[in-house]
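Below: the structure, in structure tokens.
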Amino acid sequence: MKSISKTVWVLSIVSLLTDTASEMLYPILPIYLKTIGFSVALIGILEGLAEAVAGLSKGYFGKGIRTGARDAILSEQATPQTKGKIFGFHRSMDTLGADLGPSLALLYLY
């Protein structure tokens, strides 16, 4: 993969690890909250509030802040001929992390 620079590799691996770590939390959080004594109703309320706040604010915080800068760095590393390959590689690593996270969380639980 000669057309993929070290910078693109680093950004892609960071995205893979970040998504893996963050996605590991989602499937186990309700189980954890239940084991420390939260009621099912309270867990539902907390999850609903968290989703509402995230939905309203995600365009301004979190990925909304870093996505533009990251995409600018990726674009800078690409030529017109390699732009699709570089963005495709990065997005596939990002998606792989999102797939690995819940799977690893379930493996750790069982």
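The values are calculated or read from the model by the stated rules, or taken from the named source; none is laboratory data. Source: prediction; values computed, not measured. Every residue, glycine among them, receives a Cβ derived from its backbone with ideal geometry; neighbour counts consider all protein chains shown.
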Can you work out which of the residues in the stretch 12-36 that are among the polar types (S, T, N, Q) and closer than 20 Å to Gln77 by Cβ is surrounded by the fewest Cβ atoms within 10 Å (Cβ to Cβ)?
Thr18
Which residues, counting only those in the stretch 59-90, are under 14 Å from Val10 (Cα atoms) and among the polar types (S, T, N, Q)?
Gln77
Gly55 versus (1) surrounded by 11 or more Cβ atoms within 10 Å (Cβ to Cβ); (2) assigned to a helix (DSSP H, G or I): which is the lone unmet condition?
(1)
If you scan the stretch 67-79, which residues turn out to be exposed (fewer than 12 other Cβ atoms within 10 Å of the Cβ) and either at pLDDT below 90 or polar (S, T, N, Q) (or both)?
Thr67, Gly68, Ala69, Ser75, Thr79
Tell me, please, whether a residue that is under 18 Å from Phe89 (Cβ atoms) and touching a residue at least 60 places away in the same chain (Cβ under 8 Å) can be found in the stretch 20-36.
yes
Restricting attention to the stretch 76-91, which residues are touching a residue at least 12 places away in the same chain (Cβ under 8 Å) and part of a helix (DSSP H, G or I)?
Gln77, Lys85, Ile86, Phe87, Phe89, His90
